Structure formats: C-alpha cells, structure tokens
1. Scan the helices (runs of 4 or more DSSP H) fully inside region 128-183 and keep the ones with 3 or more residues being under 18 Å from VAL114 (Cβ atoms).
2. With (1) of a type outside the set (A, V, I, L, M); (2) at pLDDT below 95; (3) in contact with a helix residue (DSSP H, G or I) (Cβ under 7 Å, 6 or more places away or on another chain) as the list, and TYR38 as the residue in question, which single condition is left unmet?
3. Just to be sure I understand the filter: pairs with C-beta atoms under 7 Å, separated by 6 or more residues or on different chains, first member in region 102-118 and part of a loop (DSSP other than H, G, I, E, B), second member among the hydroxyl-bearing types (Ser, Thr, Tyr). Which pairs pass?
4. For the condition surrounded by fewer than 22 Cβ atoms within 10 Å (Cβ to Cβ), under 30 Å from PRO123 (Cβ atoms), of a type in the set (Val, Ile, Thr) and in contact (Cβ under 8 Å) with a residue 24 or more places away in the chain, what is the one hit in THR71, THR58?
5. Read through the list (1) exposed (fewer than 14 other Cβ atoms within 10 Å of the Cβ); (2) closer than 23 Å to PRO50 by Cβ; (3) not β-branched (Val, Ile, Thr), then give the number of the only condition that PRO232 fails.
6. Among the residues of region 188-201, is there at least one that is out of contact with any Pro (no Cβ under 6 Å at 6 or more places or on another chain), surrounded by fewer than 17 Cβ atoms within 10 Å (Cβ to Cβ), of a type outside the set (Asp, Glu) and part of a helix (DSSP H, G or I)?
7. Could you list, in sequence order, all residues of region 1-47 that are basic (Lys, Arg), in contact with an Asp or Glu (Cβ under 8 Å, 6 or more places away or on another chain) and closer than 22 Å to PRO79 by Cβ?
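The values are calculated or read from the model by the stated rules, or taken from the named source; none is laboratory data. From a predicted model like this one, the values you see are computed outputs, not experimental measurements. Glycine gets a Cβ as well: all are built from the backbone with ideal geometry, and neighbour counts include every protein chain shown.
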Amino acid sequence: MSTPLRIAMWSGPRNISTAMMRAWENRGDCSVTDEPLYAAFLAQTGIDHPGRDEVIATGETDVRKVVGALTGPIPDGNPIWYQKHMAHHLLPATPRDWIPELTNLLLIRDPAEVVSSYVKSRPNVTPQDLGLVQQTDLYDAIAVETGKPPPVIDAGDFLRAPEAYLRALCRLLDIEFTPRMLRWPPGRRASDGIWAKHWYAAVEASTRFEPWRPREINLDSHASRVVEACQPHYRRLYAVRMIV
C-alpha cells in the first residue's frame, strides 16, 4: 500500500466498536487507537463518566495535539490505522477541518438496544450521549466536504454476516481481507483505553463477533424518551446503510 490508510470509525457507545477494533488490530498490519478525543471531551464538558479523573489524567486534553497525532505518521510504521471514535466526543467547539483527511465510516446501532445496555453503567443518559445526532451531522458534513457520503454500517446487519461485511469493507477500502479479522485472542490489550475496566468486560472475554440475537429491552420512562428522540436520526442513517 503506497498511501497510508487512516480509518476513522465514528460510533456511539455500547456498540460493537471495540470488537471491531479487535478485528482490525488482529490483522497484523494495522495500528489502532481507542477513543482519542475522550479525555478532551471529559475535560471540556465536566460530565461525570466512570473513571473520569483517570481518563483525563492519562489522556491528552488539547484537541489540536490529538488531531496532529491522528493526521500524522501511523504508529509502528503500519500501512493501516484504525481510529475508534465516539461521535459524541465531537463538541460544537471541536475543530473538524481534519476529519475529511481521513477515511470515514459510521457505525450505528438501534438506540433501544444502546440505551438498554448504556444505563447499566450510567443511568443518566441523554440523547446527546448516544452520538446519533452527531453522526447525522457528520454524515452531512463529510458528504458536502468530500462530495461523497461516508459508508454507514448497522451493527445488527453486521453481526448477522461479519465476514461478508468485512470483505465488503476491505474491497471498498482497496485492501486485502484476512481471516485474522474474524477471530482474536481474549483479554485486555495495551491499546485499550484506561476506561476498559468500566466498559470492556464482554469484549475482553470475546474471541470473535458474537452472532446477532434479539435483546430483551426494558426501559423506564426517561430512557424511553431518549430512545424516541434518537429514533429519527437512526432511521435516517439506517436507510442509507451498507447492504451486502
């Protein structure tokens, strides 16, 4: 590969974004970065997340420094760099001129499933926490800036056929697919964020993408209102998702 490939996967929380990071890291030719804007997001908002102080203390809170790194040389000299981003980490004041320089993808999930999982760790969820509002903004902005909308992947579709979707993604990105993306060793990684102990128990136990299964959704009135607010954004992106 003559030109380095920097993949920015914009997801919301409680999606398959960390498992996806495992798949890309296991290729052997791909560096990964876990939520590089998280520390700056927490420092600027004052929002209370599990492990907040530790995330800020160990991360970079200067967004421009983060951006400089993300658009700079790929770590370890690899030809591919998978950057796992949370869309809600993009605050209104966060510069976005660097985003079109990357190869952008959007990863979405049914907000009812997201909220049902999210409230187990942080009950005070809001529509902004899910990232779908920010993902629709990103979709439009990237389409205008580059002349081409970013591909959208729905987690439910993906988990029904992970190999087919990974093969399709690799074709789209003009890189070789490898079966190494389908299985990985269990456990924590040095590449995982410091917040892994609060959020990553399931993926640390995993060795592959778990097959899709229907989820039992039990939401209180507040959580249900959050889902309702996010559904129009989800439906809009779902309508333009990749289908393989």
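1. On the way: elements: 132-146, 155-160, 162-173.
Where helices (runs of 4 or more DSSP H) fall fully within region 128-183 and carry at least 3 residues being under 18 Å from VAL114 (Cβ atoms), they are 132-146, 155-160.
2. For TYR38, the exception is condition (2).
3. ASP110/TYR234
4. Values: THR71 fails: under 30 Å from PRO123 (Cβ atoms).
Every option except THR58 fails the conditions.
5. (2)
6. Yes, region 188-201 contains a residue that is out of contact with any Pro (no Cβ under 6 Å at 6 or more places or on another chain), surrounded by fewer than 17 Cβ atoms within 10 Å (Cβ to Cβ), of a type outside the set (Asp, Glu) and part of a helix (DSSP H, G or I).
7. Initial filter on region 1-47 (basic (Lys, Arg)): 6, 14, 22, 27.
Within this subset, residues satisfying the condition of being in contact with an Asp or Glu (Cβ under 8 Å, 6 or more places away or on another chain) are 6, 14.
Result: ARG6, single match.
Listed here are the residues, each with its yes/no results for (1) without any contact (Cβ under 8 Å) to a residue 12 or more places away in the chain; (2) within 24 Å of PRO214 (Cβ to Cβ); (3) among the charged types (D, E, K, R).
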{"site": "VAL152", "(1), (2), (3)": "no, yes, no"}
{"site": "PHE158", "(1), (2), (3)": "no, yes, no"}
{"site": "LEU169", "(1), (2), (3)": "no, no, no"}
{"site": "LEU172", "(1), (2), (3)": "no, no, no"}
{"site": "PHE177", "(1), (2), (3)": "yes, no, no"}
{"site": "TRP184", "(1), (2), (3)": "no, no, no"}
{"site": "GLY187", "(1), (2), (3)": "no, no, no"}
{"site": "ILE194", "(1), (2), (3)": "no, no, no"}
{"site": "HIS198", "(1), (2), (3)": "no, no, no"}
